[in-house]
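Report on one structure; see the data block that follows.
Nothing in this text is a laboratory measurement; each read-out follows from the coordinates by a stated rule. Because the structure is a prediction, the values reported are computed rather than measured. Cβ sites come from the backbone with ideal geometry, for glycine too, and all protein chains shown count toward neighbours.
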Amino acid sequence: MSAMVPIEKPEEKTIDEAAKLMIKRAEELEIETVYHRFDRMQPQCEAGLRGLCCTICMMGPCKLDPAIGVVRTICGSDVDTIVARTLLRKIAGGCGAHADHAFEVAHILYLLGKRGSEGKFPYKVADEEKLTTVAKKLGIEIEGKKVSDIAKEVSEKALEDYGRVHSETLNFLKAYATRKRIEIFDGLGVLPRAVWREICEAMHRTTIGVDADPTDLLLHGVRTALADSYAMLIATELQDVLFGTPKPVQAVANLGVIDAKKVNLIIHGHNPLLSMEVIEAATSGEMSSLAKDVGAEGINVAGICCTGNEVLMRFGVPTAGNVLHQEMALATGAIEAMVVDYQCVFPAVTDVAKCFHTKLITTMPVAKIPGAIHLEWSPEKADEVAKEAVKTAIENFKNRDAGRVYIPDVKNKCVAGFSVEAIVNSLGGTLEPLLKAVKDGDIYGIVGIVGCNNPKATQDSSHVTIAKELIANNVLTVGTGCWSIAAAKHGLMSLDAQKMAGERLRGILEKLTIPPCLHMGSCVDNSRILNTGFAVAEALGVDVPDLPIFGSAPEAMSEKAVAIGTWFVAHGVNVHLGVVPPVLGSEKVTRLLTEDIAKHTGARFVVEPDPKKAASLILEHIANRRKALGLSS
Ligand code: SF4
Ligand code: SF4
């Protein structure tokens, strides 16, 4: 490994004070982080940045460069084909991740329903009201049925959406999407038939010598992205059934939540099936007394990424940070164990863990990392695995080297837990006050800000700048994923942040006692934002693109973000991207995504790396939509 080149200006890498300190601390200990590795990759390949390379078959790799006349690959593909093909594969990858997560959740509900009250099973229905709401939406008769039978029927409807053979569309799409959107999807021929089928077809179309038509490839991208959105919706709805629908809850965010006096256990990843069990184990009397036996004051569980969001939303478990904080948390030297499930877990975490006493524990059959301990989760053994993970952390406390512990004292208060149900509840049980505020202009518009961190952008800078600009202009912001953690870390989800809002929005926030940026959950919970859009559109009697709303992914990096952005656009929500996606090598594909698609779905992608300019574009769009609806400016 070549020698580490120190980062001269950490403030160019992140606006997070804790991360700035940890970059320097990591360098003192000669620990490489994502930022150091990013710098070593520079300059990144221009062809890759523009989407102009292909490695699909072994005649390749092929790299196009129209500037010097290289316009056809070995198989004869042109720029439009390879850019569209690569994009479709990214959407399929993102859909695969969300869909596999949702499948496991649906399968747990199925196993639970099938067993009824027989035998021991770690999972139960935590929210019967949500279960009956979902069942009714799906047209399931519930009168006189046992909870377990309803759970089984709901799960079967979800599982059917994966492998349906005949060309109908998804049960969950039919139950949740507006009529207007279904007509549009049908007209475009993009109604997804079954989740696995769309992913499989995407891989088939993009293998060598199949689909070369960029428009056709992108249309299948839309179809696969729609499969993604309803798989995410399955995950959200059924997780609420299993673990409870989130309600507003107080919490704390950033690395300062790590507690030097306690056993620190970080949970990281996306699927709450194990992390919920970890929380249960860590809060048990048995584990608390074991922790005291080893000289700790207790057990402190903190989250990273969306597994963290799931437990933050439901129990107020503190969040240590978003995706670029994973190595920073370990570099504090105070983490006894990091328990990971899957997605967004950098393989580098084992290298950082090795520099300390930290145990890195993988848990999912599909996600193992060399150098980690593997405690395999299974539905029947979830509680035992969680207990073993917590015990491993406790037993490791004695190995901590107090002299190497460095925890930045940086944290902020936040309020999380704004499910659609919680928002309606805070409005007094109906959407009417929200609609009135939108009509009157007290809420000028609503913007969903979502997505990752990406070292191509200064961490959290665009997330925070866009949110601040919007709320100052009376726009309510809602969001998920790593944006919501950024907003929490920087104080935008505390009630104190009401003062950053424009005067009219502030009045509403004070009345409802809510912050200006609402935490709606993990990445799969983008489905909550979609459902909010559907509800507002139906209440106003218009289609989604007519609303004064916008979506933004200021620092996106994951394939999952590509799939999510595509389905937001398909549902009629314009999406701003702050990181340029690898499509600029094809003018045709770029035009399809940023212009032509709007003729069909009513929305398009807008790419703008400058967050202030992006906020202005969003505000201009909202102003136009308000004018078209005849609402006050
Ligand atoms: S599929 Fe075509 S463009 Fe891709 S690597 Fe093979 S020959 Fe090259
Ligand atoms: S927002 Fe992006 S980086 Fe963050 S957890 Fe989700 S997919 Fe991963």
In percent, what relative contact order does the chain have, based on Cα pairs under 8 Å that are 6 or more apart in sequence?
16
Under a 5 Å amide H to amide H cut-off, with H placed in plane at 1.01 Å, what residues pair with His576 once short-range neighbours are removed?
Gly551, Ser552, Ala553, Val606
Relative contact order (percent, whole number), region 255-404, Cα cutoff 8 Å, 6+ residue spacing:
29
Straight-distance crosslink candidates among lysines, where the alpha carbon sits under 26 Å from Lys612 and sequence neighbours closer than 8 are dropped
Lys9, Lys13, Lys20, Lys411, Lys413, Lys439, Lys456, Lys468, Lys489, Lys499, Lys560, Lys627
Taking Lys152 as the anchor, which lysines have their alpha carbon closer than 26 Å to its alpha carbon, excluding any fewer than eight residues away along the same chain?
Lys114, Lys120, Lys124, Lys130, Lys136, Lys137, Lys174, Lys247, Lys381
So what is the calculated 222 nm ellipticity per residue for the chain, using -39500 (n - 2.57) for each DSSP H run with n of 4 or more, over all residues, to the nearest 500 deg cm²/dmol?
-15000 deg cm²/dmol
Would you list Ile15, Ile184 from fewest to most Cβ contacts within 10 Å?
Ile15, Ile184
For Glu384, Glu128, Glu156, order by how many other beta-carbon atoms lie within 10 Å, fewest first
Glu128, Glu384, Glu156
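How would you classify region 211-275 from its alpha-carbon gyration tensor, with a ≥ b ≥ c the square roots of the eigenvalues: rounded for a/c under 1.5, else prolate if a/b is greater than b/c, otherwise oblate?
It is prolate, given that a/c is not under 1.5 and a/b is the larger ratio.
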FRET E, pair Thr513, Glu11, Förster distance 45 Å, beta-carbon r, rounded to 0.05
0.85
By average C-beta atoms within 10 angstrom, highest first, the peptides 161-168, 300-307, 237-244
300-307, 237-244, 161-168
In the neighborhood of Leu217, defined by Cβ-to-Cβ distances under 10 Å, what is the net charge if each Lys or Arg adds +1 and each Asp or Glu adds -1?
-1
Go through region 579-592 residue by residue and turn each phi into a ³J(HN,Hα) via Karplus (6.51, -1.76, 1.60, θ = phi - 60°); whole Hz please, and just put x for glycine and proline.
10, 5, x, x, 10, 5, x, 10, 4, 5, 5, 4, 5, 4
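Sort Glu104, Glu286, Glu198 so the one with the fewest other Cβ atoms within 10 Å of its own Cβ comes first.
Numbers: Glu104 19, Glu286 11, Glu198 25.
Exposure proxy ranking, most exposed first: Glu286, Glu104, Glu198.
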So for each of 409-421, 597-609, 616-628, 548-560 I average, over its residues, the number of other beta carbons within 10 Å; can you give me the resulting order with the highest mean first?
548-560, 409-421, 597-609, 616-628
Region 431-503 to region 127-152: how many Å between their Cα centroids?
35
Over region 412-628, what relative contact order in percent results from Cα pairs under 8 Å that are six or more residues apart?
23
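For region 488-586, just run the numbers: alpha carbon Rg, then divide by 2.2 N^0.38 Å, N being how many residues it has.
Values: Rg = 15.7 Å, N = 99, 2.2 N^0.38 = 12.6 Å.
Compared with the compact-globule rule of thumb, region 488-586 sits at 1.24.
At 0.36 nm per residue, minus the direct Cα-Cα distance, what do Lys261 and Ser378 gain on full extension? Give it in nm, one decimal, please.
On the way: separation 117, 0.36 × 117 = 42.12 nm, distance 3.23 nm.
Computed gain between Lys261 and Ser378 is 38.9 nm.
Rounded, prolate or oblate: which one fits region 255-404, using the alpha carbon gyration tensor with axes a ≥ b ≥ c (rounded when a/c is under 1.5, else prolate when a/b beats b/c, else oblate)? Intermediate values should be presented prior to the final figure.
On the way: a/c = 1.29, a/b = 1.08, b/c = 1.19.
It comes out rounded by the Cα gyration axes.
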Which log10 I(q)/I(0) values does the chain give at q = 0.06, 0.08 Å⁻¹ under the Debye formula, counting every alpha carbon as one identical point scatterer?
-0.31, -0.56
Show the residues, 5+ positions off or on another chain, whose built amide H is closer than 5 Å to the amide H of Ile7.
none
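Need the full-extension length gain, Arg40 to Ala598, defined as separation in residues times 0.36 nm minus the C-alpha distance. One decimal, nm. Please list the in-between numbers first.
Working: separation 558, 0.36 × 558 = 200.88 nm, distance 3.90 nm.
Extending this stretch completely gives an extra 197.0 nm.
Under 15 Å from the Cβ of Ala372, count the other residues' Cβ atoms, weight Lys and Arg +1, Asp and Glu -1, and hand me the total. Mind showing how you got there, number by number?
Working: positive: Lys354, Lys359, Lys368; negative: Glu327, Glu336, Asp341, Asp351, Glu376, Glu388.
Residues near Ala372 contribute -3 overall.
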Global geometry of region 1-105, whether rounded, prolate or oblate, following the gyration tensor of its Cα atoms and the 1.5 cut on a/c:
oblate
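Using the Cβ atoms and a cut-off under 15 Å, what net charge is assigned to the surroundings of Lys9, where Lys and Arg are +1 and Asp and Glu are -1?
Numbers: positive: Lys13, Lys20, Lys24; negative: Glu8, Glu11, Glu12, Asp16, Glu17, Glu27, Asp39.
Result for the local shell: -4.
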Applying the Karplus parametrisation 6.51 cos²θ - 1.76 cosθ + 1.60 with θ = phi - 60° to the phi angles of region 427-436, what ³J(HN,Hα) value in whole Hz is obtained for each residue in order, glycine and proline being reported as x?
8, x, x, 8, 6, 3, x, 5, 4, 5
How large is ³J(HN,Hα), in whole Hz, for each residue of region 149-160 in order, when computed from phi with the Karplus curve 6.51 cos²θ - 1.76 cosθ + 1.60 and θ = phi - 60°, using x for Gly and Pro?
5, 5, 4, 5, 5, 4, 5, 5, 4, 5, 5, 4
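Suppose we keep just the DSSP beta bridges with both residues in the chain; what percent of those would be antiparallel, to 5? Spell out each step's value before the answer.
Working: 9 of 49 bridges.
Taking every DSSP beta bridge within the chain, about 20 percent pair in antiparallel fashion.
Sort 76-87, 30-41 by the packing proxy (mean of other Cβ within 10 Å over each peptide's residues), most packed first. It would help to have the intermediate numbers written out before the result.
On the way: 76-87: 23.3, 30-41: 16.8.
In decreasing order of mean packing, 76-87, 30-41 become 76-87, 30-41.
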